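A.B. asks: Dropping the structure in here first, questions after.
Where a number appears in this text, it was derived from the coordinates with a stated rule and is not lab data. Since the structure is predicted, the reported quantities are computational estimates derived from the model, not experimental observations. Every residue, glycine among them, receives a Cβ derived from its backbone with ideal geometry; neighbour counts consider all protein chains shown.
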Amino acid sequence: MRSESSEYTALQSEFSPEHDPFKKVRQKSSNRWIISHLFHGTNKIIIFIVFFSTILSANLQSLNMVIIGNAISEFLVGNGSNLLLYTISILFVGIGGSLVRLFNFMLREILAQRMERDTRKEFFMILLGKSQSFHDRQKVGDIMARATDDVRNLNFLVSPAISLIFESFTNLIIPIIYIFLFYPPELIITPIGFTIVFLCALRSYSRNIGPVSRDLRSQYGRMGAVLNEALSGIETIKGTAQESSEVLKYYRSAKKYRDFYIEQGRVQAKYLPILFYALSITIGLGHSIFLYINGLVDIGQIVGYVGLLTLYRFPTNISIFVFSYIKLATAGAERLLELMNQETEIDENIEGISKDISGKIEFKKVSFTYPDGETPVLKNISFKVDQGMTVAIVGTTGAGKTTLTKLISRLYDIERGKILIDDIDVKNYSLKSLRNQISYIEQDLFLFSDTIFQNISFGRVSSKEEVIYAAKQAQANDFIMNFPDGYETKVGERGVTLSGGEKQRIAIARAFLTDPRILILDDSTSAIDSETEDKIQKAIRNILKDRTTFLITHRLSQIRWADLIIVLKKGEIVAKGRHEELILTSEEYRKIFVKKFDVKVEELLDGE
């Protein structure tokens, strides 16, 4: 059995940011992008076979009608010697046509499933490659709607939509050819007239159904976003007894979705080709009877001719929903490309520097404003951190503490200034190499709905012994072993079965296991009791020797042993130094802790 790393390597060789066969065509149009996927790789062979088998199937259907007509003619004139031959011919042509159609359907489904697989993979990998600021602007429910239904509609675009359209086209043209070859030429007037009227009506229908389909897909995404927000914030909704208002919000969104479906029904109700088909059969039958009266055709030819006209029932009936599929799928493709083509603010710099870093960091006059924001979050930030130093960042809420640390791993790119790691601009590093050496543990941390083992080893292939060792260092092993399944315990979505302290200890164990050169702890011990915190702090001091650590915290026990403390106020550094120095020299620093602990300055100097 292949390991996860070998499976990912195989996946990258097929499609990855480094090997993206659809990069250029995505910028052109949704139709070009769809066609590029259809003819990608060995799909071209399948399309050729489907093309050939569809034409063959249509010929066999038309030939069968002609044979049936000829058999009736032979029977009516009393020539029964060829009836057995006609019967066998009808049987074999009918069975042959059915087998060809069955083979054709199988290949069409293979092509459709490949289309969905490749577009879903492309969309997902491009989403993962987008910057944090891109994801900050998106609604998760809308993205989920695009990744599921819009991608799924591309499957339906191939089978049945495009496949049936081509089959319909052959069923329009080939019967005319057979009528021209085997019957009086004047009989082709009716099928040609029907074909012209049918194509004109179809063009009008397609033009009218397009905008409705786009509105339908967009509203579906908005409805999904409302549902996702309600489920994500279910605790807040229940805690504030706002169920009725959320039901009303979802009802209004669903009502708009229903209204677009009603509008789609109105457009479909005005579809006239079904009426034209009935008229064509009537006119064609009347015309052939007129020729029979004049001795130009016999009864068998009338039967064969009308049988060929009945083949138009298939393109007429399927066109009403097939073109709806096409419009839904193209609208979905446009929605997918809308996200995929958005420029990401972060350049992955695949060819950039890829090396082990020591952890020396320097900020040079760094300023940063969030995308779509107006007020700078950080202004003119400058400081130096040597390898292995522990830096505590303190300040009031909204001072920019978390934002500052996120700039180190390039979750966001700065607008002015420079951030250097080992005297090299972070933008010159390969993004993958840079982030592989930085671990970030947040207060609002995220656990995957997987086992404890998989959550701790996330990001690297690890043995059971390595995971257990990291868990022990994070003081997590004891509570993990209390579960019946131990490290194989499922934690539920976002770790719902664990307490806040348990989740944070698992996240800390994950960070220990990745062996980072730079570790960022964003109030990561806020949900841990004092006794456990003391144990974790001892483990951190031992394990993170020669590693650069950033602490965002208001716990004096953690701040006191920092090598450098940076005090932020409204996005600017107002003081920096060690604890003892800042207590004496920084009013902002004293204000934070004297008010928090309600003690005198002398007591803060002596101990917490």
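A.B. asks: Work out, in µm²/s and without decimals, the Stokes-Einstein translational diffusion coefficient of the stretch 26-340 at 25 °C, 0.890 mPa s, Rh from Kirkwood over C-alpha pairs. Intermediate results must be reported in sequence, preceding the final value.
C.D. replies: Numbers: Rh = 22.8 Å.
Estimated diffusion coefficient is 108 µm²/s.
A.B. asks: Taking the Cα centre of the chain as origin, sum charge times position over the Cβ atoms of Lys and Arg (+1) and Asp and Glu (-1), and report the length of that vector in debye to the nearest 20. Could the numbers behind the result be given before it?
C.D. replies: On the way: 73 positive and 70 negative charges, 250 e Å.
My answer is approximately 1200 debye.
A.B. asks: According to a simple spin-label model (label point 7 Å from Cα along Cα-to-Cβ), what is the distance in nm between D425 and N482?
C.D. replies: 5.2 nm
A.B. asks: Okay, moving on. Rg and Dmax in Å for the stretch 249-317, alpha carbons only: what are they?
C.D. replies: When restricted to the Cα atoms of the stretch 249-317, Rg and Dmax are 21.0, 72 Å.
A.B. asks: How long is the gain from Q132 to E362 if the chain were fully straight, where each residue apart is worth 0.36 nm and the alpha carbon distance is subtracted?
C.D. replies: Result: 80.6 nm gained on full extension.
A.B. asks: Also, I was wondering about something else. If you take the charge dipole of the chain about its Cα centre, with +1 on Lys and Arg Cβ and -1 on Asp and Glu Cβ, which of F39, S433, F52 is farthest toward its positive end?
C.D. replies: F52
A.B. asks: Right, next: Give me the three principal axis extents of the stretch 322-440 from the C-alpha atoms, as integers in angstrom, largest value leading.
C.D. replies: That works out to 65, 35, 23 Å along the principal axes.
A.B. asks: Next question, about the same structure. So what J values fall out for the stretch 130-139 if you push phi through Karplus, 6.51 cos²θ - 1.76 cosθ + 1.60 with θ = phi - 60°, rounded to Hz, Gly and Pro as x?
C.D. replies: Those phi angles translate into 6, 6, 4, 5, 4, 5, 4, 8, 9, 9 Hz.
A.B. asks: Among P21, V391, I262, flag the residue with its Cα farthest along the positive direction of the charge dipole of the chain, charges on Cβ as +1 for Lys/Arg and -1 for Asp/Glu.
C.D. replies: Most positive-ward Cα: I262.
A.B. asks: Checking understanding here: applying a Kyte-Doolittle mean of at least 0.5 and a length along the axis of at least 30 Å (C-alpha), which whole DSSP H helices in the chain pass?
C.D. replies: 43-76, 83-129, 313-340
A.B. asks: Sequence gap at least 6, Cα distance under 8 Å: using those rules, report the relative contact order of the stretch 26-340 to the nearest whole percent.
C.D. replies: On the way: 327 pairs, mean separation 100.4, N = 315.
Relative contact order of the stretch 26-340: 32 percent.
A.B. asks: Work out how much length F51 to E466 would gain on full extension: take 0.36 nm times their residue separation and subtract the Cα-Cα distance, in nm to one decimal.
C.D. replies: Values: separation 415, 0.36 × 415 = 149.40 nm, distance 5.61 nm.
Once the chain is fully extended between F51 and E466, it gains 143.8 nm.
A.B. asks: Moving on to the next point. Work out the charge dipole of the chain with +1 on the Cβ of Lys and Arg and -1 on the Cβ of Asp and Glu about the Cα centre, then indicate which of A331, I196, T585 is farthest towards its positive end.
C.D. replies: After comparing all options, I get I196.
A.B. asks: Can you give me the Kirkwood hydrodynamic radius for the chain, using every pair of distinct Cα atoms, in Å to one decimal? It would help to have the intermediate numbers written out before the result.
C.D. replies: Values: mean 1/r = 0.0333 Å⁻¹.
Value: 30.1 Å, from the Cα pair sum.
A.B. asks: Take the Cβ-Cβ distance between K591 and R117 as r, set R0 to 45 Å, and report the resulting FRET efficiency rounded to the nearest 0.05. Walk me through the numbers on the way to the answer.
C.D. replies: On the way: r = 58 Å, r/R0 = 1.30.
The value I calculate is 0.15.
A.B. asks: Just need log10 I(q)/I(0) for the stretch 419-525 at q = 0.17, 0.24 Å⁻¹, Debye formula, equal scatterers on the alpha-carbon atoms, no solvent, rounded to two decimals.
C.D. replies: -0.76, -1.33
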